[in-house]
Amino acid sequence: EFHEVRRQHGIRLAELSRTLGQARDEARELDLRRSELAAVRNQVASRLASLESSRKNTGARLVDLREREAALERLVGVLASKDRFTGQDDIRGYRGALPWPVPGSVVQNFGRHKDPKYSTYTVCNGLRFAAPSSAPVTAVFPGVVAYAQHFKGYGNMVVLDHGNDVYSLVAGLGTIHVRVNQRVTMGMRLGLASPPTEDGNVYLEFRVGQKPDDPKRWLQLKGG
């Protein structure tokens, strides 16, 4: 009887040991799942924070673009209110034959564009060039310098009044070589290009009746 009791006791101890082992295994598995869940939660929280930051940056960027465009439109309106003798030739008769203002490639065209970085749409009112650093930036047609200094959001900028309510502007200049009210000829150097950037370093815009017009309608088909 004594041996039977010992045997039964041994069986119970073995069963208890197995139960404790299973419990420890289940506890370790539970801890592992909790750690995995915590990691997933952290990843989700980090992604949400990144998306929120991107959303705020996108919103701020779009607001900044709209403010820059509105400021430029106000400036052109002020410049257009002044009378200047720009010469006898009508620039509209040379549409499609004007020289390109700077050597280099076009990196952004006129019109609406999707920004892959922010998944938003923006509007470019001109052409953006990737020009060599310090490349000469020249006048596309004779005219009078209406503006020649730094302009917030555009950098160093020159605006030319070509007469007949047509203006051209070049921005992103490293240096400016003309002054306000100076008469310029076609091909005359207005300044030098700034150092290259990812989005292009020189900007060209045409304004007709103070509204943006596609520069490629005015420039020669080959060039630039």
*Can you find even one residue in region 195-209 that is without any contact (Cβ under 8 Å) to a residue 60 or more places away in the chain, within 19 Å of residue 75 (Cβ to Cβ) and either out of contact with any Asp or Glu (no Cβ under 7 Å at 6 or more places or on another chain) or of a type in the set (Phe, Trp, Tyr) (or both)?*
no
*Of (1) polar (S, T, N, Q); (2) in contact (Cβ under 8 Å) with a residue 60 or more places away in the chain; (3) closer than 24 Å to residue 199 by Cβ, residue 149 satisfies all except one. Which?*
(2)
*From the list 122, 185, 175, 138, which residue is of a type in the set (Val, Ile, Thr) and without any contact (Cβ under 8 Å) to a residue 24 or more places away in the chain?*
175
*Within region 123-156, work out how many residues are exposed (fewer than 15 other Cβ atoms within 10 Å of the Cβ), in a strand (DSSP E or B) and in contact with a helix residue (DSSP H, G or I) (Cβ under 9 Å, 6 or more places away or on another chain).*
1
*Scan region 84-102 and give yes if some residue there is open to solvent by less than 10 Å² (accessible area, probe 1.4 Å) and assigned to a strand (DSSP E or B), otherwise no.*
yes
*Applying the selection to region 103-122, what residues are in a loop (DSSP other than H, G, I, E, B), open to solvent by 40 Å² or more (accessible area, probe 1.4 Å) and either touching a strand residue (DSSP E or B) at 6+ places or on another chain (Cβ under 9 Å) or at pLDDT 95 or above (or both)?*
103, 109, 110
*Subset of region 157-201 that is of a type in the set (Asp, Glu) and in a loop (DSSP other than H, G, I, E, B) - its residue that is most open to solvent (accessible area, probe 1.4 Å)*: 198
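The values are calculated or read from the model by the stated rules, or taken from the named source; none is laboratory data. Just so we're clear, the structure is a prediction, and the values are computed from it rather than from any experiment. Please note: Cβ atoms are built from the backbone with ideal geometry, for glycine as well, and neighbour counts cover all protein chains shown. In case anyone asks, the SASA skips ligands and DNA or RNA and just uses the protein heavy atoms, side chains included. Shrake-Rupley method; radii C 1.70, N 1.55, O 1.52, S 1.80 Å.
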